[in-house]
Every structure is written in structure tokens, then in C-alpha cells.
Amino acid sequence: MCLRLSLAQPILPCLKSIRTRRVNGEHQSSWQVLAGWQPSNARPKGPFMGHTLSGSHICDMVFPLKKFLKSRHMHIWVDADACPNVIKDILYRASDRLKLPLTLVANQALRVHRSAYIRTVVVPRGFDVADEEIVRHIVAGDLVITADIPLAAAVLEKNSHALSPRGERYSPETIHERLRIRDMMEQLRDSGVRTGGPAALSQADRQAFANALDQLLARA
């Protein structure tokens with residue numbers, strides 16, 4: 001027998017109801033509506049305030065997964081170890097203003113703006129560990145903030161958006177050339193040539209990022 005329960009505070013606007021059923025006649029004590037989203041006793045609002053049902057039922061989504069993914073809000077992911085703080089501040093304000101989930105992935109603990117829409121994920125230290133964490137969780141339509149060209153290429157392969165902290169929007173048409181240049185510069189450094197590092201983030205870079213972000217979020 002299936003029961004239909006309405007959520008007074010849905011996890012996402014498109015999640016209006018759930019269908020529950022008894023599993024093999026066994027009583028289940030508690031099941032998360034969405035796996036991986038952490039519950040909180042402090043604040044009941046926001047996409048990261050997980051909802052839990054207690055009793056003898058486990059949740060089944062009423063709607064098809066593809067429909068859910070198509071109608072869900074854009075999720076912003078940040079390659080946070082190398083992301084400048086001024087760019088993070090712009091992202092915090094955008095997340096709060098538009099009520100969009102924002103996840104910062106790093107290999108060390110971060111101090112972030114307190115918000116029901118913002119969370120951090122700390123991964124073990126290691127080459128590309130943070131990149132792999134982001135690629136594993138993004139879905140089509142998400143946005144990733146990164147200056148890492150290989151990560152941007154992997155993001156585009158999953159039909160997600162990639163934006164650099166300087167406001168450069170990576171695209172399928174330009175990413176292969178950016179990878180070629182990146183590999184060439186790496187070979188020069190390996191051979192002992194001093195190529196120098198990137199220039200300091202300027203006010204023009206910050207404005208370019210803010211403008212590019214606004215354009216992307218307007219289409220979300």
C-alpha cells in the first residue's frame with residue numbers, strides 16, 4: 001500500500017511530494033529523502049537542511065529522475081583551494097540572493113559565510129582529489145568555478161558550465177586550445193624555463209567575473 005505525504009518545507013521547489021512504501025514488511029527507523037544532504041537541527045530552511053521521515057516506510061520519488069534533474073536549481077561548485085576570497089564573497093552574495101546551493105570543495109577547512117545555502121566539503125590531500133570530488137557530483141546545468149583547465153574540460157564533458165575566477169567562460173570550442181597551451185607551458189617549466197605565474201587579480205578581473213556570473217545565473 002502506498003501513501004502520499006506532502007512536505008511542508010520541500011527540499012527543492014520542484015519536490016512537492018513523495019511516495020512511501022513498506023520494504024519487505026520490515027520497520028525502518030529513519031530514511032533520508034535525498035542521500036548525501038545533511039540534516040540540521042539549527043535552521044530548517046535551505047537545500048542543505050536535510051529532511052528525514054521516521055517510521056516504517058522508505059521514500060521513492062514520485063517523478064522521474066530526468067525530470068527532477070531538468071527542473072532542479074543550478075548548483076554552484078567551487079574549486080576552493082585556489083579561489084581568491086574576493087571571488088568567494090561574490091559567490092556568497094549570489095547564492096543568498098538567488099537561494100542557490102553553493103558548495104566549496106577544498107583539502108583544508110574553510111571559513112565561509114554562514115548560510116543555509118552554503119556548505120564546504122573537505123577532501124583528503126592529494127593530486128586532483130578535489131577535482132575528482134567535483135566531477136563525481138555535478139550534473140548537467142551545474143556551474144563550476146575553477147582556474148584548472150583539465151577540471152574545466154571534465155566539467156564541460158558533463159554538460160555543465162565552467163567559469164574562471166577572472167571571468168573567462170570555458171566552452172567546448174575553446175577548451176582544447178586552452179589545454180594545448182596549458183600542456184605547452186607545463187613542458188617549458190619541466191625543462192627549466194621560467195614562465196612566471198599568473199598576474200594578481202585586478203579590479204577589472206573581479207568585475208569581469210561578476211558580470212559573467214550574472215549572465216550565467218540569469219539563464220539558470
Query raised in the report: Of the residues in the stretch 96-111, how many are open to solvent by 40 Å² or more (accessible area, probe 1.4 Å), within 19 Å of residue 143 (Cα to Cα) and aliphatic (A, V, I, L, M)?
Result: 1
Query raised in the report: Would a scan of the stretch 139-149 turn up a residue that is closer than 20 Å to residue 103 by Cβ, assigned to a helix (DSSP H, G or I), open to solvent by 30 Å² or more (accessible area, probe 1.4 Å) and of a type in the set (A, V, I, L, M)?
Result: no
Query raised in the report: How about the stretch 168-210: which of its residues are in a loop (DSSP other than H, G, I, E, B), open to solvent by 80 Å² or more (accessible area, probe 1.4 Å) and of a type in the set (A, V, I, L, M, F, W, C)?
Result: 200
Report summary line: Of the listed residues (142, 131), the one being more than 24 Å from residue 210 (Cβ to Cβ) and in contact (Cβ under 8 Å) with a residue 40 or more places away in the chain is 131
Query - Failed criterion for residue 197 (all others in (1) of a type outside the set (S, T, N, Q); (2) modelled with pLDDT under 85; (3) closer than 18 Å to residue 102 by Cβ hold) - result: (3)
Query raised in the report: Is one or more of the residues making up the stretch 152-161 open to solvent by 50 Å² or more (accessible area, probe 1.4 Å), farther than 24 Å from residue 93 by Cβ and assigned to a helix (DSSP H, G or I)?
Result: yes
Requested in this report: Quickly run through the stretch 87-108 and pick out the residues that are assigned to a loop (DSSP other than H, G, I, E, B) and either over 23 Å from residue 201 (Cβ atoms) or within 16 Å of the chain's Cα centre (by Cα) (or both).
Outcome: 99, 100, 101, 107
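The values are calculated or read from the model by the stated rules, or taken from the named source; none is laboratory data. Computed from a prediction, not measured in an experiment: that's the story for all the values here. Backbone-built Cβ (ideal geometry, glycine too); neighbour counts: all protein chains shown. Ligands, DNA and RNA are stripped out before the accessible areas are found, and what is left, the full protein with its side chains, is counted by its heavy atoms. Shrake-Rupley method; radii C 1.70, N 1.55, O 1.52, S 1.80 Å.
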